[in-house]
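The values are calculated or read from the model by the stated rules, or taken from the named source; none is laboratory data. Here the structure is a predicted model, which means the values were calculated and not measured. Every residue, glycine among them, receives a Cβ derived from its backbone with ideal geometry; neighbour counts consider all protein chains shown. To get the accessible areas, we keep the full protein, side chains included, count just its heavy atoms, and leave off ligands, DNA and RNA. Shrake-Rupley method; radii C 1.70, N 1.55, O 1.52, S 1.80 Å.
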Amino acid sequence: THKDTHNNALDFVQIEQKMAEDNPAKWMEGNWGVRFLLPGMRNRKKLDQFNVENVMQQLRPLKSTCKWVQINASQGANGAYYTTPVSVLSEHVSKESVPERDLFGEVLDALVEEGFKVIVYFASEGPTKGNGHEEDAPPGSIKKWKDYCTSRNMTYEEGVAKLVVREISMRYGKKISGWWFDHAKYGDIELLAKEALRGNADAALTFNIGHEHNPDGSRVLKRARAEEHYTCGHPTPVVQRSPDWDGNESMIRTIENHGPYLDGSLAHMFIPMQEKWFAGKACFKKKKIVDWTLRVVKAGGAITWATALEDKKVIPEKQLRQLEKINRVVGRWKKREEGGDEEEDTDDEEEDTDNEEEEAEGKDEL
């Protein structure tokens, strides 16, 4: 009957509201964040020389509206190298995989002290590198990892979750507010979720397992796993389309039309500001990057901008100016929503100079 249909619709809305209220990612709702990749043991000299204060000086002015920073425990998508000590790897696999200096922990502490939430980026395949490319790992380490897992009666996927993720999660506890698991199809997602939550049961989780595509090739923004709390939000791969491609805007329209929660998962986008995820020239016009951010924030979703780091361990000038602009515009909008006076933005007419910056230092293996 019509009455039953109406009641069922109300029940669904109430269930959605309850899921949103209980979602560990609720603090991300209507907010934005930044990601940069720390150098790992594949670039030991850069890891040893990394100056934490350099990048913190750039991030501090953003914290009025930038709510989180994503940093990596694995060396980007390469799970054979790390930015933080992992005892099982140093003792049984390869000392070349993990550092003595806990760069991850140093940056984590600095960020938390400044009031930022921290999301951990982690390559789910761990030391096996997913497809097992020996040249991308310390010599002999893949075999040693497999042999050690076998000696512990564990699958390789179990080993990553129980021996690596667990140690990181327990070491840092509630300092970690969330996880972004890359290449999650290579991992045991249920175990990854269990171990990631061991140190902080309230951490927000997401898993990149690949997504459906729209007819134009753009990614479909949707809930991918029952274990996730926010969508991974990966755009069309940068090898296929530039991050500023208009097709990626389809995710924003999904948030505006169907969000901010998609089947209980907070709608979140994760986009690089430059040609590659952590290197290359900035590719967004300032007006576009600000507009995309503000639309997501207004719709109650979440967006993370991935920036490069130059050799001086700082965010490149153009990306930094764009982040500062986002901070000002979002700040003005939030102040207006709260009933405060609107501040005048003095650089609205500032032109974009797309070609003036040199390509950010750094290679794909950073």
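Per-structure values
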read-out	value
Projected area averaged over orientations for the range 63-171, convex hull of C-alpha atoms, nm²	6.9
Full-stretch length increase - K312, K174 - with 0.36 nm per residue and alpha-carbon distance subtracted	46.7 nm
Angstrom value of the Kirkwood radius, inverse mean 1/r, which spans all Cα pairs in the range 160-282	15.4
Kirkwood Rh in Å, taken over the chain so that all alpha-carbon pairs contribute	21.2
Computed E for S87/W245 - FRET, C-beta separation, R0 45 angstrom, nearest 0.05	0.55
Extension gain from R253 to S64, taking 0.36 nm per residue of separation minus the Cα-Cα distance	65.4 nm
Residues with amide H under 5 Å from that of T304, placed H, sequence gap 5 or more	G33, M269, F270, I271
Percent carbon-and-sulfur accessible area, the range 53-119, ignoring ligands, DNA and RNA, probe 1.4 Å	45
Per residue accessible area of the range 61-205, 1.4 Å probe, in Å²	38
With all protein chains modelled, accessible area of Y156 [1.4 Å, Å²]	80
Spin-label model distance (nm) - D263 vs W333, 7 Å beyond Cα toward Cβ	2.7
